[in-house]
Amino acid sequence: MVRGTIKITLDCPVDGREACVSIHVDDVDAYYREWSSKGAVLRAPQDEEWGARTFDLLDPSGNTLFIMGPFPTEPGSDGDGAGEKPAGGVGTSLR
């Protein structure tokens, strides 16, 4: 099954947690729609001032997952995301 590109980064402890896992995805909103029912959402998707769209959740084992990706672009854009308003994503499957 094709899932696109996912990059996983393990970070040093943050705020007393054992570790933080950063998962870089191509469509933050699609993964939020899929994964928010599978874990406790700590923070819904938001656009960061440093140029990414992110959300946080806890997995069933209590690990913090930090999901990040590019701003979504509107249909018909040039795809670079510069100066464009976010648009909705496409659903995906976790498997």
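Every number in this text was worked out from the coordinates using simple rules, so none of it is lab data. What you see is a predicted model; the values in this text were computed from it and never measured.
A few points about this structure:
- Normalising the Debye intensity of the stretch 7-69 to I(0), with uniform scatterers on Cα atoms only, and taking log10 at q = 0.12, 0.14 Å⁻¹ returns -0.26, -0.36.
- Annotation: extensible slack from Ile23 through Ile8 equals 4.9 nm (criterion: 0.36 nm per residue apart, minus Cα-Cα distance).
- Across the stretch 7-69, C-alpha contacts under 8 Å between residues 6 or more apart give a mean separation that, scaled by the residue count, equals a relative contact order of 33 percent.
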